[in-house]
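Here's the structure we're looking at; comments come further down.
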């Protein structure tokens, strides 16, 4: 039982971390956005140098949905 609670706590901490810092540097180009001598755009990040963390998009969508529902509930009274 304690293992389950520990795993749930780790998931909650990671979700909070993904909410606060959703982007990280690209591992392939190391944040430069270009790869190699030709200076072509990195195929992994598209030349931006940043990538979203695992689950960050879902966390942000869920947060935006919760905020939207809260505003609808407040204004619907």
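Numerical summary
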| item | result |
| --- | --- |
| Of residues in region 27-44 being touching a strand residue (DSSP E or B) at 6+ places or on another chain (Cβ under 6 Å) and modelled with pLDDT of 80 or more, the one farthest from residue 16 (Cα to Cα) | 42 |
| All positions within region 45-60 that are exposed (fewer than 13 other Cβ atoms within 10 Å of the Cβ) and modelled with pLDDT under 85 | 46 |
| Some residue of region 61-74 being surrounded by 11 or more Cβ atoms within 10 Å (Cβ to Cβ), in contact (Cβ under 8 Å) with a residue 24 or more places away in the chain, touching a strand residue (DSSP E or B) at 6+ places or on another chain (Cβ under 9 Å) and in a helix (DSSP H, G or I) | no |
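The values are calculated or read from the model by the stated rules, or taken from the named source; none is laboratory data. What you see is a predicted model, and the numbers here were worked out from it, not measured in a lab. All Cβ positions, even for glycine, are placed from backbone atoms using ideal geometry, and neighbour counts span all protein chains on display.
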